[in-house]
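Some notes on the structure that comes next.
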Amino acid sequence: MTNKNTPDDKNKRDFLQVSTYVLGAVGAASFVWPLINQMNPAADTLALASTEVDLEQLEEGQAITVTWRGKPVFIRHRTKEEIASAKDQLLDGLRDPQTDDERVQNEKYIVLVGVCTHLGCVPLGQKSGDVKGEYGGWFCPCHGSHYDHSGRIRKGPAPTNLEIPQYSFLSDTLIKIG
Amino acid sequence: MSKPKFKNPVVNWIDYRLPIFTFMNHELNEYPTPKNLNYFWNFGSLAGITLVIMIVTGIVLSMNYTAHIDYAFDSVERIMRDVNHGWLLRYIHMNGASFFFIVVYIHIFRGLYYGSYKAPREILWILGVLILLLMMATAFMGYVLPWGQMSFWGATVITNLFSAIPLIGESIVTWLWGGFSVDNPTLNRFFSLHFVLPFVIVGVVILHLVALHRFGSNNPIGIDVKGKQDTIPFHPYYTIKDLFGLSVFATIFAAAVFFFPNFMGHPDNYIPANPMVTPAHIVPEWYFLPFYAILRAIPDKLGGVLFMFGAIMVLFVLPWLDKSSVRSSQFRPLYKLFFWFLVIDCIALGYLGAMPAEGIYVVLSRLATAYYFFHFLIILPLLPKIESTRPLPVSISTPIITASSNASTVMAMREKK
Ligand code: HEM
Ligand code: FES
């Protein structure tokens, strides 16, 4: 070997250098990923059971809150007036336009994840004495979001309507959430 | 500079092999310090001591704390009632967090008033802002650990801030939680991070001090040290002054711990966490209130989050926003005025952050938020163009000498950089 740098030598060295950096980076990244990914929901958390709820006892105008995946789920048996007011609402005025029909399976029951889409507080409006906000549905006291009878955002900082969980009616009055 | 000879031969023997004593002598004993520092220069050492207090009490609390949603609240109550001196250790740790922020906020406003962030201390300042951010993260996660109502809902609201990020926001929040809501995995990781972050802070504090000792402390008149006559050795002059400040601080701290330990806390955190019910008024700890007010002032979710983080980001770039070459407010009459406006504005934001987000409070929060950014982004860059600064003294020693010899004001040249 000569100690003179021929252009060939330089190319070889560049190749070695670059491939070392690249392989090193790939190696480091493949070690970092498990460190990051372990923070994502674990298999048992993902496998959390679904919740079944019997609505037999839920009278018109009443609401219950059940737990699903550690979150409250609101189920409300709406009155005729509430249904009418939810259906009559024109879409123009809505921040997150959705018709009431898109948001219910059986118009008597509205099923919602009871978590404000702003920063995650539980809105008021489930109990009869609760403040229900200017649109009669739910009101989040944390930063003042108002939701209507369909759980749609009408006023305040929340960007979207209350989320609808996955659910299905097993019979007329039995629903399964999740 | 020759190596100092220590009287003790053992010390000499060690120092020859590991020059730790030379280092300490250099940085803590003979370290030349401007001779005109006032009591606002005590808050750096107070912050360091408070950090040590937090680490020591934190480690012993961890020996009795259980990071599980079913046991966390009870384990803290057990610390309060059954563990020997547990109540004392917890109250020191709990109030220590508040005092840490009081000290650091004063330390920061000291820097703002005397222009300590200006060249050549920009990195020193940036490291300080980084320490503030790390402290906030640490205190936030620590507050979650007792698993009371405020712990839970504070954690929920703050982690949800990240859901404002477009597209990936929801996945980030799920990742932070390790589930679909704040739950046991969240508590576990917060405990782990709360344990380790203070040690990261120690690391950044060391860098902060290395940067400080490169050019030494700024001083109340903000001009550079011109020579030996402007400085005094750190020991015994400032060690004794820091010690005196510490005893005053410790007296007030102890008064809080013993006589009103829950004054700065929120009573709702003595109610166990309930994921189904949000308390009527959730407020963060007092030291987050100004930022919380900014968050709520913006009527848009993403906007609120951006402005809140922006309030700290402007501090990072402050050395480049304030272009005036004069450091101390003593020679900047207009800046001094605006400094005090900023102080009032920050206190107002803190007050508004504690008020419900309705009516007049919303309007005032918006005004105060606007003024905060106006100060940093508009006033500071424009000020040097219109402000006529007062003449600077020739050196730190000069005003004293001339005053005693009854000479008239020394008209000095502006410092040239
Ligand atoms: C930067 C320094 C630190 C700050 C600002 C801080 C802040 C806090 C805060 C605000 C709390 C809640 C207190 C309460 O309401 O009960 C807390 C709790 C706790 N911290 Fe820290 N902490 C710090 C360092 C540490 C360290 C280094 C450890 C452990 C090595 C630790 C361990 C704990 C434990 C076990 C708790 C739960 C017990 C309790 O709530 O009193 N902390 N911390
Ligand atoms: S969390 Fe509901 S309005 Fe902010």
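The values are calculated or read from the model by the stated rules, or taken from the named source; none is laboratory data. All figures in this text were calculated on a predicted structure; none of them were measured in a lab. We place every Cβ from the backbone using ideal geometry, glycine too, and count neighbours over all the protein chains shown. Ligands, DNA and RNA are excluded from the accessible area calculation, which covers all protein heavy atoms including side chains. Shrake-Rupley method; radii C 1.70, N 1.55, O 1.52, S 1.80 Å.
Per-structure values
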{"item": "Sequence-separation-based contact order of segment B:292-393, relative, with Cα cut under 8 Å and 6+ spacing, percent", "result": "43"}
{"item": "Neighbour-limited loop hits for trypsin sites (Lys or Arg not before Pro), segment B:1-77 (at most 14 other Cβ within 10 Å; DSSP other than H, G, I, E, B)", "result": "B:Lys5, B:Lys7"}
{"item": "For chain B, calculated [θ]222 nm from helices alone, where every DSSP H run of n ≥ 4 adds -39500 (n - 2.57)", "result": "-20000 deg cm²/dmol"}
{"item": "In order through segment A:149-163: 3J(HN,Hα) via Karplus (6.51 cos²θ - 1.76 cosθ + 1.60), integer Hz, x for Gly, Pro", "result": "5, 9, x, 8, 6, 10, 7, x, x, 4, x, 10, 5, 4, 5"}
{"item": "Links that overshoot a 28 Å alpha carbon limit, given the list A:Lys127/A:Lys176; A:Lys108/B:Lys301; A:Lys71/A:Lys127; B:Lys118/B:Lys226; A:Lys127/A:Lys155", "result": "A:Lys108/B:Lys301"}
{"item": "Reachable aspartates and glutamates, given that their alpha-carbon falls under 17 Å from the alpha-carbon of B:Lys336 and they are not under 8 places away in the same chain", "result": "B:Asp322, B:Asp345, B:Glu387"}
{"item": "Taking chain B and dividing mean pair separation by its residue count, relative contact order in percent (alpha carbons under 8 Å, at least six apart)", "result": "21"}
{"item": "Sequence-distant residues sharing a close amide H with A:His149 (under 5 Å, placed H)", "result": "A:Gly137"}
{"item": "Mean-position separation - Cα centroids, segment B:274-330 and segment B:353-379, in angstrom", "result": "10"}
{"item": "Rule-of-thumb Rg ratio for segment B:262-406 [Cα; 2.2 N^0.38 Å; N residues]", "result": "1.42"}
{"item": "Helix runs (DSSP H) in chain B reaching 30 Å along axis by Cα, Kyte-Doolittle at least 0.0", "result": "B:86-114, B:122-144, B:184-215, B:234-259, B:333-354"}
{"item": "Directionally averaged shadow of chain B, computed from the convex hull of its alpha-carbon atoms, nm²", "result": "25.3"}
{"item": "Loop-located chymotrypsin sites (Phe, Trp or Tyr not before Pro) in segment B:1-91 whose Cβ has at most 14 other Cβ within 10 Å (DSSP)", "result": "B:Tyr71"}
{"item": "Surface accessible to a 1.4 Å probe, per residue, for the residues of segment B:292-393, Å²", "result": "46"}
{"item": "Structure-based [θ]222 nm, chain A - -39500 (n - 2.57) summed over DSSP H runs of at least 4, per residue, nearest 500", "result": "-8500 deg cm²/dmol"}
{"item": "Relative packing of peptides A:42-50, A:73-81, A:163-171 - highest average C-beta neighbours within 10 Å first", "result": "A:73-81, A:163-171, A:42-50"}
{"item": "Number of partner chain Cβ atoms within 10 Å, mean per residue of A:111-123", "result": "5"}
{"item": "Separation between Cα centres of segment B:22-42 and segment B:104-139, rounded to whole Å", "result": "19"}
{"item": "By average C-beta atoms within 10 angstrom, highest first, the peptides B:144-150, B:108-114", "result": "B:144-150, B:108-114"}
{"item": "Loop-located GluC sites (Glu not before Pro) in segment A:21-77, at most 16 other Cβ atoms within 10 Å (DSSP)", "result": "A:Glu56, A:Glu59, A:Glu60"}
{"item": "For segment A:118-178 versus segment A:16-69, the gap between their alpha-carbon centres in whole angstrom", "result": "24"}
{"item": "Average beta-carbon neighbours from other chains, 10 Å sphere, peptide B:174-183", "result": "6"}
{"item": "Cβ charges +1 (Lys, Arg) and -1 (Asp, Glu), total dipole of the protein assembly as shown, debye", "result": "3280"}
{"item": "Peptide A:28-41, shielding by other chains (average Cβ, 10 Å cutoff)", "result": "2"}
